[in-house]
1. Filter the stretch 39-80 down to residues that are surrounded by fewer than 13 Cβ atoms within 10 Å (Cβ to Cβ) and among the β-branched types (Val, Ile, Thr), then give me how many there are.
2. Quick test for you: out of Gly17, Gly10, Gly54, Gly47, pick the one residue that is touching a Lys or Arg at 6+ places or on another chain (Cβ under 8 Å), assigned to a helix (DSSP H, G or I) and at pLDDT 95 or above.
3. Under 8 Å between Cβ atoms, at least 6 apart or on separate chains: pull out the pairs that start in the stretch 59-80 with a residue that is free of Cβ contacts under 8 Å to residues at least 40 places away in the same chain and end on any residue that is among the small types (Gly, Ala, Ser) and in a helix (DSSP H, G or I).
4. State yes or no: is Val30 at pLDDT below 95, part of a helix (DSSP H, G or I) and under 13 Å from the mean Cα position of the chain (by Cα)?
5. What are the residues in the stretch 8-27 that are free of Cβ contacts under 8 Å to residues at least 12 places away in the same chain and open to solvent by less than 50 Å² (accessible area, probe 1.4 Å), if any?
Amino acid sequence: MSARTGQVLGLTIAATGLAHFAAPAAFEPVTRMAFADDVRNWTYRNGATELAIGLAIAARPTRKAGAAGLAVYAGWLAKRVLSRR
């Protein structure tokens, strides 16, 4: 991954994380699929996680750790959604 691609990808993920705080209602239908209880709290938690992962990916020294974090986070969310079906 080029430095520019990593920065753009990371900042896009971070911006999505920030959007969870700016417009939480927009994320609640998706959040509800994995977390039926306390949806607003989980919306904020997911936003904070995405912000941290995105910033880690955007910075070259932490890019590999951020990518690993993204993979673990995506797998965990997928497991949550599938276990609720």
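1. Matching residues across the stretch 39-80 total 1.
2. Gly10
3. Partner pairs satisfying both residue conditions: Thr62/Ala56; Ala65/Ala56; Gly69/Ala52; Gly69/Ala56.
4. Against the criterion (at pLDDT below 95, part of a helix (DSSP H, G or I) and under 13 Å from the mean Cα position of the chain (by Cα)), Val30 qualifies.
5. The answer is Ala23, and nothing else.
The values are calculated or read from the model by the stated rules, or taken from the named source; none is laboratory data. Quick caveat: nothing in here was measured; it's all calculated off a predicted structure. Cβ atoms come from the backbone with ideal geometry, glycine included; neighbour counts cover every protein chain shown. Accessible surface is based on the protein model in full, side chains and every heavy atom, while ligands, DNA and RNA are left aside. Shrake-Rupley method; radii C 1.70, N 1.55, O 1.52, S 1.80 Å.
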